[in-house]
Each structure stands twice: as structure tokens, then as C-alpha cells.
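Working notes, structure below.
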Amino acid sequence: MLPNNLKNISLFLERLPGIGEKTANRLAFFLLNLPDEDLKEFAENVATLKLKTKFCKKCFNFTEDETCEICNDQKRVQSVICVVETVLDLLSFEQGRIYNGVYHVLHGKIDPLNRMGPEDIKIKQLLDRTVENGLKPFRTKIKEIILATNPDMEGEATAMYIKNKLKTITNNELRITRLAYGLPMGANLEYADYMTLKKAIEGRNKF
Ligand SMILES: [Zn+2]
């Protein structure tokens, strides 16, 4: 029913996560009604997206430069590294403005069922970054590594793997922490699952 070009755009939008046919059509019509300049700018950004977006050499966040804004920010505590699975997780911390250290993005997690091993994510780069120039005895500017992988089976396994590796290469001299897990605000104990309750009681804080 739609002319080809418009139909192609709608079909493409339908491939995006969470977008159905109706929404795709609505978005395509919205694009059609945008001022020419806006649409041109959008098209250029899409065309150069892959070309311009690189990994930060230090933390593997996305950037257009060698290193990202967060790594370049000298007001941030460069000696505390928060290890996350994805850039989306990093953005969650940033949007909440609740953390002032730097990050390390793994770009995945150890997941044997999907054939993702430790060498498929940025673990080696984290270890290299932690121990300066591979110096022995262990020397580092890093004071703490926060393992903020997800609290699911693969996330836990990834955190455990990294913890063991870090302990070995740093002679147990590095502070390694894991996010506290437990009940979401407003949750009801009655409906909490066993693992959540277990983690909540293990991670209880002084009150
Ligand atoms: Zn960075």
C-alpha cells in the first residue's frame, strides 16, 4: 500500500527491537514530515555511524576519539574501575550520576551455552590495565575493582572468573568488590525468589 522508499524505511524500522508494524509505519510517516535539514543530518549520522564509532582504548566504551570522555575526565577517580557487561549498563550508572570512578566494558559475559569464553570478551584487557606493564612484584595505580556484571548465572560466573584471575596476578593485594544484590525498592518479601532473598541477607548492611 505504501510507495517503495517509504515501505523500505518502515520495514527497516520494524527490525528494531520492540517495534511492531504499526509503530514502524508511524515512525516512517514521522520521518517523512521532518524538515529536510533534520532528515539529512539524521541520514548522515546513520551513514557514518560504523565508521566514526570506535572502542575507547582504555575502557572499551564507545567513542569517536582514542579514549572516551569518561577516561579523559580528570575529575573522575581513575583508580576505581567498575566492570560492566555492556555500554548500556555503563549508561545506567551514568544516568543515575551515582558513580565517579571509571569503567571497563567487557562487551559480553562468559556464556558457554552461546560459545562465549573468557577470550571472547575484554577480560585480558582488564587484567593488562590493572597490572602496569606486567610488573612483578605487583604494582598498580588501581585501588578497587567493582565487578558489576549482572546477577544471573553467566554474570556471576564471569565475576568469579575475573576475581580469581585478578587475585592471582595481584597477589591478593587489590580490593575487589561486587555490587550488593537484594530487594528492589518497594518489593514485597513474600514474592521475592529464593536467590534474591539469599543475596539480600548475605549482603546486609549495618543499620
Ligand atoms: Zn574510556
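Given an 8 Å cut-off on Cα distances and at least 6 residues of separation, report the relative contact order of region 55-207 as a percent. Show your work: numbers first, answer last.
On the way: 212 pairs, mean separation 27.5, N = 153.
Contact order relative to length: 18 percent.
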statement: As a percent rounded to 5, the proportion of antiparallel DSSP bridges among beta bridges in the chain is 20
message: Starting from the Kirkwood Rh over alpha-carbon pairs, what translational D in µm² s⁻¹ does region 67-146 have by Stokes-Einstein at 37 °C and 0.692 mPa s?
response: 239
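Might you tell me the accessible area per residue for region 67-207, computed with a 1.4 Å probe and given in Å²? Write down the numbers at each step before the final one.
Numbers: 9350 Å² over 141 residues.
For region 67-207, the per-residue accessible area is 66 Å².
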field: Protection-proxy order for peptides 72-79, 43-50, 140-147, each taking the mean of Cβ atoms within 10 Å per residue, highest first
entry: 140-147, 72-79, 43-50
message: Taking R0 as 30 Å, what FRET efficiency do you get between residue 192 and residue 164 from their Cβ-Cβ distance, rounded to the nearest 0.05?
response: 0.55
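Given a 1.4 Å probe and every protein chain left where it sits, what share in percent of the accessible area of region 37-108 is carbon and sulfur? Show your work: numbers first, answer last.
Values: 2590 of 4620 Å².
With neighbouring chains kept in place, the figure for region 37-108 is 56 percent.
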- prompt: Out of 99, 194, 161, any idea which swings most in a Gaussian network model of the chain, alpha carbons joined below 10 Å?
  reply: 194
- prompt: For the chain, with equal point scatterers placed on the C-alpha atoms only and solvent neglected, what are the log10 I(q)/I(0) values from the Debye formula at q = 0.07 1/Å, to two decimals?
  reply: -0.32
- prompt: Which length gain, in nm to one decimal place, applies between residue 79 and residue 207 when the Cα-Cα distance is subtracted from 0.36 nm times their residue separation?
  reply: 43.2 nm
task: Return the percentage of antiparallel bridges among DSSP beta bridges fully within region 1-117, rounded to the nearest 5 %.
output: 40
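Let me spell out the model: positive unit charges on the Cβ of Lys and Arg, negative unit charges on the Cβ of Asp and Glu, origin at the Cα centre of region 94-207. What dipole size does that give, in debye rounded to 20?
Values: 19 positive and 14 negative charges, 120 e Å.
Dipole size: approximately 580 debye.
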query: What distance in nm separates the simple spin-label points at residue 113 and residue 45, each placed 7 Å from Cα in the Cβ direction?
result: 3.6
task: Note the angle between two axes, namely the Cα long axis of helix 4-14 and the longest principal axis of the Cα atoms of the chain, as a number of degrees from 0 to 90, rounded to the nearest 10.
output: 20
query: Once fully extended, how much extra length lies between residue 95 and residue 52, figured as 0.36 nm per residue of separation less the alpha-carbon to alpha-carbon distance?
result: 13.2 nm
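The values are calculated or read from the model by the stated rules, or taken from the named source; none is laboratory data. Bear in mind that the values here come from a model prediction, so they are computed numbers and not experimental data. Backbone-built Cβ (ideal geometry, glycine too); neighbour counts: all protein chains shown. These accessible areas exclude ligands, DNA and RNA; they are computed on the full protein's heavy atoms, side chains included. Shrake-Rupley method; radii C 1.70, N 1.55, O 1.52, S 1.80 Å.
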